[in-house]
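One structure is given below, encoded as structure tokens.
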Amino acid sequence: MSCASVSSVTKEQPSPAANPDPRSIFSAAQQKVTTKHGWLGDYDYRWLCLPSLPTARRKQPPFYGIEDELPLVLAMASGLQHALAMLAGLITPPIILASTLMLDASTSSYMISASLIGCGILSLVQMSHVKLWRGYYLGTGLLSVVGTSFATLSTANAIFNAMYANGTCPSTTAADGTVTRGPCPDAYGMVLGTSLICSFLEIGLSFVRPRILQRIFPPMVTGTVILMIGSSLIGASGISNWGGGSNGCQTRPTSGIYQLCPTVGAPHALPWGSPEFIGLGFLSFVSIILTELFGSPFLKNASIIVGLAVGCIVAGAAGYIDGSTITTAPAITFLWVHRFKINVYGPAILPMLAVYVSLAMEAIGDITASAEVSRIRVDGEDFDSRIQGGILSDGIGGFVSALFTVAPLSIFAQNNGVISVTRCANRAAGRWCCVFLIIFGTVGKISGFFLAIPNPVLGGVTTFLFASVVVSGLRVLSFVKYTRRDRFILAAALSFGFGDLLMPGIFTHLFDGVKNPNKGLEGLFESITIVLSTPFLMSGLVALVLNLLLPEEGSQEEDEEGVEVV
């Protein structure tokens, strides 16, 4: 395919033949793998790989649509870019969940591997667009990748905190009041089991007409939820790890193993907030910025990995890295090498149902963004089928991922930036991305290396990563017209969201005055407390309810005159 023919791709992508001839498929595949054009095509690989100055202007490569013919080398290179762009977002949730539950290194390493393998497998499902019956589909048919949702991460942390508080998970209290948590793998199994049954809510939502869902969950609601998810994670994990750790050492106790970060027995342990830790995180952060300024398009899409690599090189040279997780990690691993007791935790049902509603909201926004950068029309029956198929695949992915011992997976938005920069929305690149993710997960030493990353390096990178989630929420909120009604809803929602964020324990003692509640009532109180204590759930709930209750305004004239009320 010539550059001229590729650049003329319109927003309506051609659909493949309904019943292609097997002989023609074999002939095309043979030609692709046996000819130079099939491997390299006419693509300008120098543009992809060579660095450039910020002021330099270079000719853009052609745009490759979802069904265009893609050279093998470009497909693999683009797939690797997508995998590297996703990598930090995929390894962060299992690392944080394992750290919160104080799990051992082998289990933590397995959780990272399982996350990568599960994301690779279920991304293949999400990229399909299989017609089921009566106009219902499975998958988006776009270059849509999936990963552990940060909404799940934020809610799971709140659930784990409640489990440690009520004695479901073990903990000890020192004489000075310092609380030390014990390992609690069963809590992870409870979250998986609860997620498994709650996934049916999103599966059910996928059969609601997309236009109805978009009216119930407009940008006002979805943007608020995404904004608060990112904000919560910056405070709970990003900045805490930047300072040295989020496992208890951030409180700077005067006794116990957390007097120093990450523990007193770690190599080069220091008090939380030490300048050495701050400097390591800052080095990783600056590396991301410099890569964006001077890196090639390939490196720009992998800037997070560049930041991790630079930080780890310096940390390793300075003696901050404990290599035991790498040496003890298996050479090859796969799903179910470690297993967890699947169970249902009653108080977590209500929060997890809210999580799946938020996942459906995220899916609508992410699918729309993917369609836009892929030059696919964002209206009409075809687009509605992609929304429906994506939400259905999301819900089924939540069910299957629990069986894979992976926290609920949802559509990721990170790869939209890769599509925009590389001008390649082809699903062949997406399939190669899945291959690389599965390989990364199967090679156990890679997970062991990720687990050895020092907390400050991880914190410097994830702070940027979580802030990008905040920016995604702000982008969604930019579609709001900001009438007086909209400003009122947003102010009410953020009152609870930022209140929870800045004063985390305000709702913890809400039901302390209730005497001798039965187990059912106690579970309900705990569910309500978890929802109230999770910023994105509470702010999203307020925005959702007020958006349905408050009547729409007929004119913006009064609003434009009253801008000073903000």
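Taken together, the values in this text are just the output of simple stated rules run on the coordinates, not laboratory data. Since the model is a prediction, treat every value here as computed from it, not as a measurement. Cβ coordinates were reconstructed from backbone atoms using ideal geometry, including for glycine residues, and neighbour counts include every protein chain displayed.
Structural remarks
- Loop-located trypsin sites (Lys or Arg not before Pro) in the range 116-199 (DSSP state other than H, G, I, E, B) with a sparse environment of at most 16 neighbouring Cβ atoms within 10 Å: Arg134.
- Label positions at Leu550 and Ser468, each projected 7 Å from the Cα along the C-beta direction, are separated by 3.3 nm.
- On the beta carbon distance between Leu521 and Lys59, with R0 = 56 Å, the FRET formula returns roughly 0.25.
- For the range 473-478, 3J(HN,Hα) per residue [Karplus equation, 6.51 cos²θ - 1.76 cosθ + 1.60, θ = phi - 60°, Hz, x = Gly/Pro]: x, 5, 5, 5, 5, 5
- A Förster radius of 51 Å combined with the Cβ-Cβ distance from Lys36 to Arg475 puts the calculated FRET efficiency at roughly 0.75.
- Taking every C-alpha pair closer than 8 Å and separated by at least 6 residues, the mean separation divided by the residue count of the chain gives a relative contact order of 28 percent.
- Cα-based convex hull volume of the range 400-546 per residue, rounded to whole Å³: 213
- Centroid-to-centroid separation of the range 292-308 and the range 473-552 [C-alpha atoms, Å]: 37
- Summing +1 for each Lys or Arg and -1 for each Asp or Glu among the other residues whose beta-carbon sits under 15 angstrom from that of Asn455 gives -1.
- Of the trypsin sites (Lys or Arg not before Pro) found in the range 424-522, those in coil by DSSP whose Cβ has at most 15 other Cβ atoms within 10 Å are Lys481, Lys515.
- Coil-residue chymotrypsin sites (Phe, Trp or Tyr not before Pro) of the range 202-280, DSSP, other Cβ within 10 Å capped at 16: Phe207
- Full-extension gain in nm, Phe334 to Tyr45, via 0.36 nm per residue minus C-alpha separation: 100.6 nm
- Restraint check, Lys300/Lys445; Lys341/Lys515; Lys341/Lys519; Lys131/Lys300; Lys59/Lys481, Cα-Cα greater than 30 Å: Lys341/Lys515; Lys131/Lys300; Lys59/Lys481
- Ordered by the count of other Cβ atoms within 10 Å of each Cβ, fewest first, Leu521, Leu153 give Leu521, Leu153.
- Taking Ile229, Ile313, Ile96 and counting other C-beta atoms within 10 Å, the order from fewest to most: Ile313, Ile96, Ile229
- GluC sites (Glu not before Pro), loop per DSSP, at most 12 other Cβ atoms within 10 Å - longest free stretch of the chain: 13-551
- At R0 = 30 Å, FRET efficiency that the Cβ-Cβ distance of Glu292 and Tyr482 yields, to 0.05: 0.50
- Calculated [222 nm] ellipticity per residue, helices only, for the chain: -20000 deg cm²/dmol; basis is -39500 (n - 2.57) per DSSP H run with n ≥ 4, divided by all residues, nearest 500.
- Two-decimal ratio, the range 165-258, of alpha-carbon radius of gyration to 2.2 N^0.38 Å: 1.58
- With neighbours defined as other Cβ atoms within 10 Å of a residue's Cβ, the residues Ile321, Ile453 order from fewest to most as Ile321, Ile453.
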